[in-house]
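Report on the structure given below.
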Amino acid sequence: MILKDYSRIEKAVDLQILKNAHIVGVGDGGAYGLYDAIARSGIGKLTVLDFDEVDESNIVRQGFLTGDIGEKKVIAQGTHLKKVNSGLKYQGITKNFLTMTDEELDSIFSEASILLFLTDSFKAQSFGNLLALKYNKPAIWAGYYEKSHCAEIVFIIPGVTPGCFRCAVSPRYEAQINSKEEIKASSASNTMFHSMLLDSYIGMLMLAILHNKTEGFEFSNWFGNYWDRNLIQIKVNPQYGNEPDSLFSRTFAQAGGRVFNFNAVWQKIEPEIPPKYKICPDCEGSLYTDNLASKSYIEATRLGFPNKKKPEKFIPTLGSPKSWNHGKS
């Protein structure tokens, strides 16, 4: 069935913007519910990349059915989405995007409206930053910290947010450099409810980014022409971050215990440029075009990767899950 009645959401969103949008998501599984909601919301095209197969453990927390076990996740997802809204143009890709040619990457990412990087591999997340910069696309990265006590979302909007993903989580890159192995965030303790909670935040941010230059809708103009608080940490367990010097304790110290859980901190992210920082190897401080210190890099960044040869395969990855707590307040 092709969904046609969007009367209950037409005051919240511009239906034509959604119809014309193409969402590209890297990572299926925990994002199963997000893609389901995208199909129901009137998005015109969705492309999802994931090479994993559904196993029994996925049924508990990812929305898949027992009949999907053994099937590629993106194929099972597509079968479900077709039942939800057959009007959605869906493509499921099972090839690892880290091994794709430039031509293959161009065919997938160059025409996207927004990119979503939703994996537990920082190798993939890091490469996603380069793709977002190369194609000059808005993008969202999301995941949980160790034991799923806290969620993190980083987003970039070219010309609006000054710092890229690497600027936001640069200590994570340093931690990986000092690690002999790629370290992934564990999904242990991550229930279906954790996935649904984070999917909702991602989805609303996605709609806000798509509507940022509009007026008159619930998601219009959230971030305006400049927004530098683009790293969000969401407390999901009441025992997380209760140390006196922790970010959450400092931020909500005056609340008198009234801010107990499910609270979020939007951290200020600066472009990493001298003299305060070593220059960011990915964006070189050029994501926000009004940054005078980086104007010389802008045109080069739009054309590719300035001042260095583009890597054929990008390898840097995150540090240990404990290092995920790093951020700039």
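The values are calculated or read from the model by the stated rules, or taken from the named source; none is laboratory data. It should be emphasised that the depicted structure is a prediction, and the values quoted were computed from it without experimental measurement. Positions of Cβ are backbone-derived with ideal geometry, glycine not excepted, and every protein chain shown enters the neighbour counts.
Side notes on the structure shown:
- When the residues of region 245-259 are filtered to those that are part of a helix (DSSP H, G or I), of a type in the set (S, T, N, Q) and out of contact with any strand residue (DSSP E or B) (no Cβ under 9 Å at 6 or more places or on another chain), the one that is nearest to SER113 (Cα to Cα) is SER249.
- Cβ-Cβ distances below 8 Å connect the following pairs, each with a first residue in region 8-19 that is under 14 Å from LYS213 (Cα atoms) and touching a residue at least 12 places away in the same chain (Cβ under 8 Å), a second residue that is in a loop (DSSP other than H, G, I, E, B) and among the charged types (D, E, K, R), and a separation of six or more residues or different chains: VAL13/GLU218.
- Total residues in region 203-223 satisfying the condition of being β-branched (Val, Ile, Thr) and more than 17 Å from LYS137 (Cα to Cα): the figure is 1.
- Complete set of residues in region 142-162 that are in contact with an Asp or Glu (Cβ under 8 Å, 6 or more places away or on another chain) and in a strand (DSSP E or B): ALA142, GLY143, TYR144
- Residue check, ILE177 under 18 Å from ILE140 (Cβ atoms) and either β-branched (Val, Ile, Thr) or surrounded by 16 or more Cβ atoms within 10 Å (Cβ to Cβ) (or both): no
- Filter result for ALA31 (without any contact (Cβ under 8 Å) to a residue 60 or more places away in the chain, closer than 20 Å to ALA76 by Cα and touching a Leu at 6+ places or on another chain (Cβ under 6 Å)): no
- First in region 223-236 and touching a residue at least 24 places away in the same chain (Cβ under 8 Å), second anywhere and surrounded by fewer than 18 Cβ atoms within 10 Å (Cβ to Cβ) and assigned to a strand (DSSP E or B), Cβ under 6 Å, 6 or more apart: ARG229/TRP266; ILE232/ALA264; ILE232/TRP266; ILE234/ALA264
- Some residue of region 58-80 being of a type in the set (Val, Ile, Thr), closer than 30 Å to ASN221 by Cα and buried (at least 21 other Cβ atoms within 10 Å of the Cβ): no
- Filter pass, PHE217 being among the hydrophobic types (A, V, I, L, M, F, W, C) and crowded, with 21+ Cβ neighbours inside 10 Å: no
- Qualifying residue in region 173-191 (condition: part of a helix (DSSP H, G or I), under 30 Å from VAL60 (Cα atoms) and not small (Gly, Ala, Ser)): no
- The listed residue being under 23 Å from ALA31 (Cβ atoms) and either touching a Cys at 6+ places or on another chain (Cβ under 9 Å) or not in a helix (DSSP H, G or I) (or both), out of ASN212, ASN221, ASN225, ASN242: ASN212
- Flag if VAL160 is under 19 Å from GLY224 (Cα atoms), touching a residue at least 40 places away in the same chain (Cβ under 8 Å) and buried (at least 21 other Cβ atoms within 10 Å of the Cβ): yes
- For LYS322, the stated conditions do not hold, so it cannot be described as modelled with pLDDT under 70, farther than 30 Å from SER110 by Cβ and either of a type in the set (Phe, Trp, Tyr) or surrounded by 15 or more Cβ atoms within 10 Å (Cβ to Cβ) (or both).
- Applying a threshold of 7 Å to beta carbon distances and a minimum spacing of six or more residues, or different chains, the list of pairs starting in region 72-88 at a residue that is within 16 Å of LEU18 (Cα to Cα) and ending at one that is in a helix (DSSP H, G or I) and among the basic types (Lys, Arg) reads ASN85/ARG40.
- Hits in region 260-278 (condition: touching a residue at least 40 places away in the same chain (Cβ under 8 Å), surrounded by 18 or more Cβ atoms within 10 Å (Cβ to Cβ) and part of a loop (DSSP other than H, G, I, E, B)): ILE269, PRO271, GLU272
- Inter-residue pairs, beta-carbon under 7 Å, first in contact (Cβ under 8 Å) with a residue 24 or more places away in the chain and of a type in the set (A, V, I, L, M, F, W, C) and in region 168-181, second surrounded by fewer than 22 Cβ atoms within 10 Å (Cβ to Cβ) and part of a helix (DSSP H, G or I), 6+ apart: ALA175/SER323
- Considered as a group, the residues in region 36-51 that are over 19 Å from the mean Cα position of the chain (by Cα) and part of a loop (DSSP other than H, G, I, E, B) include one that is surrounded by the fewest Cβ atoms within 10 Å (Cβ to Cβ), and that residue is GLY44.
- SER121 meets the conditions (1) crowded, with 19+ Cβ neighbours inside 10 Å; (2) more than 30 Å from PRO271 (Cβ to Cβ) in every case but one. The failed one is (2).
- Considering (1) charged (D, E, K, R); (2) within 26 Å of GLY44 (Cβ to Cβ); (3) over 21 Å from the mean Cα position of the chain (by Cα), the lone condition that LYS213 does not fulfil carries the number (3).
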